[in-house]
Every structure is written in C-alpha cells, then in structure tokens.
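Worksheet: the structure to be examined is printed underneath.
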Amino acid sequence: MSRNDHFSPARLICFRDKTLRTFALSSAYLILETQDADGYLGIYDQELRCRFESESGELWAKTTLLRGLLAYYEFTSDQKVWNAIVKAVDYVMTNYPIHQSNPFFA
C-alpha cells in the first residue's frame, strides 16, 4: 500500500475537485517561494521573529501553515514540500530552544 492509498480528508474535500486541486497545488508552491534561506516560513518580518517578551501568534501561524503543507505532502509525496517542511521545523527547533523559550510568548 502506498502513502496515497489510504483515506485522507484532503483527498475527499479538495483533490476530487479539479479547481480546488489546482488551487491547492499552486498555493503550496507559492508558499514555498516565501521560505527564507535559513528555513523561516511564516508571516513575521525579520525584526519580529523569535521574540519572547510578550504574546504573539508566530508559532500558531507556523503550526497552521505546516499542517496545510503536511496535508499536501501526504497526498502528493512531493519531496520539495517535505524538504521545506523539515527546514522550517529545524528553524523552529533552533530558534525556540527548549527550556530557554516560552511558546506562550512566541
């Protein structure tokens, strides 16, 4: 059984409809075009990233974005998308070090 042979909500909702499928495929690549060389993938400008002084939605935004990219990867097995996800997670792990950062203030 291949990765794409199992039930997936993304397949049911999006990938059966050609218009939605085309939109999802092009959107994934548009998102990847915004990834910085260091792996950052998100909505914050350079000076606002990884700040721990007060609440922000940075990690929530990343979580939501990565969930969508993971769904895309699950359906397509697109290695380019997987590599971008890994690079983005590596960025988070480096810039939000355990015991030195607080996810509630990020």
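Quick note: the coordinates plus some simple rules give every number you see, no bench work behind them. This one's a predicted model, so the numbers in the text were calculated from it and none came from an experiment. Backbone-built Cβ (ideal geometry, glycine too); neighbour counts: all protein chains shown.
A few points about this structure:
- A Förster distance of 35 Å, applied to the separation of the beta-carbon atoms of Ser27 and Gln100, puts the FRET efficiency at 0.55.
- Calculated FRET efficiency for the pair Val89/Leu48, C-beta based, R₀ 25 Å, to 0.05: 0.80
- Label sites at Asp38 and Lys18, each approximated as a point 7 angstrom past Cα along Cα to Cβ, lie 4.4 nm apart.
- Each of Asp36, Asp78 was scored by other Cβ atoms within 10 Å of its Cβ. Arranged with the fewest first, they read Asp36, Asp78.
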